[in-house]
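The structure appears below as structure tokens.
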Amino acid sequence: MKRLICILILSLLLPVSVCATDTEIQLEKITDPDMAHTLFVKAINEKNVDQLCAMFSEDAVLVLRDGKLEVSGQRSIRRVFSIMVDMVETLSLETVYQVESENTVLFRSKYRSVYNTPDGKVEEVLSSSIDVLEKQPDGTWLFVINHQNGGANVL
């Protein structure tokens with residue numbers, strides 16, 4: 001009985017974090033450029049804004065839709081992804097090609113996005129994007145440029 005009381009008293013003196021279980025969801029890191037698009041699609045379809053933001057550098061640039069709107073920085077990127085995941089029903093993506101140098105990878109992809117418009121209609125977008133990822137000092141990769149229609153034929 002004395003032992004049980006000692007354990008209870010000790011547990012009251014310990015910081016809460018020592019006893020608490022870690023319920024924070026671990027975010028996946030891009031450890032190989034080949035996994036970048038798969039992880040991106042998964043995060044969009046799961047509506048996981050934290051995961052999306054974790055895959056972009058602090059000073060990343062997003063070029064949206066028609067190429068006329070650019071946003072950069074984590075706060076702006078988070079705002080864009082928060083809106084995007086609310087609208088997008090499904091996203092599928094195929095990597096068309098990738099060109100890799102030592103610390104940089106350029107991707108071109110084709111994608112299909114089904115989303116809800118503000119007036120409640122469902123629309124589909126078929127397009128081609130360009131992405132640039134850079135290798136980080138810890139060996140992981142982050143998106144530094146994402147151009148939603150950068151791979152589309154522009155004439």
Percent accessible area from carbon and sulfur atoms, region 32-72, protein chains only, probe 1.4 Å: 48 percent
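Give me the net charge of residue 113's neighbourhood, meaning all other residues with Cβ under 9 Å from the Cβ of residue 113; Lys, Arg count +1, Asp, Glu -1. It would help to have the intermediate numbers written out before the result.
Details: positive: 112; negative: 89, 123, 124.
For residues surrounding residue 113, the net value is -2.
In whole percent, how big is the carbon plus sulfur part of the accessible area of region 92-147, probe 1.4 Å, protein atoms only?
Values: 1630 of 3190 Å².
Result for region 92-147: 51 percent of the exposed heavy-atom area is carbon or sulfur.
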Partners for residue 121 among aspartates and glutamates (Cα-Cα distance below 17 Å; same-chain residues under 8 apart left out): 86, 89
Out-of-range pairs (alpha-carbon distance over 22 Å; input 68/135; 47/135; 68/110; 47/110): 68/135; 47/135
Qualifying GluC sites (Glu not before Pro) for region 50-118 [loop in DSSP, other Cβ within 10 Å: at most 15]: 102
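Over region 18-155, average the accessible area per residue using a 1.4 Å probe and give it in Å², no decimals.
Values: 8290 Å² over 138 residues.
Accessible area per residue, region 18-155: 60 Å².
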Order by protection proxy (mean Cβ within 10 Å, highest first), peptides 75-84, 139-148: 139-148, 75-84
Between region 85-155 and region 28-60, the Cα center-to-center distance that results, in Å: 11 Å
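The values are calculated or read from the model by the stated rules, or taken from the named source; none is laboratory data. Quick caveat: nothing in here was measured; it's all calculated off a predicted structure. Ideal geometry is used to build each Cβ from the backbone, glycine not excepted, and the neighbour counts take in all protein chains shown. With ligands, DNA and RNA removed, areas are computed over all heavy atoms of the protein, side chains included. Shrake-Rupley method; radii C 1.70, N 1.55, O 1.52, S 1.80 Å.
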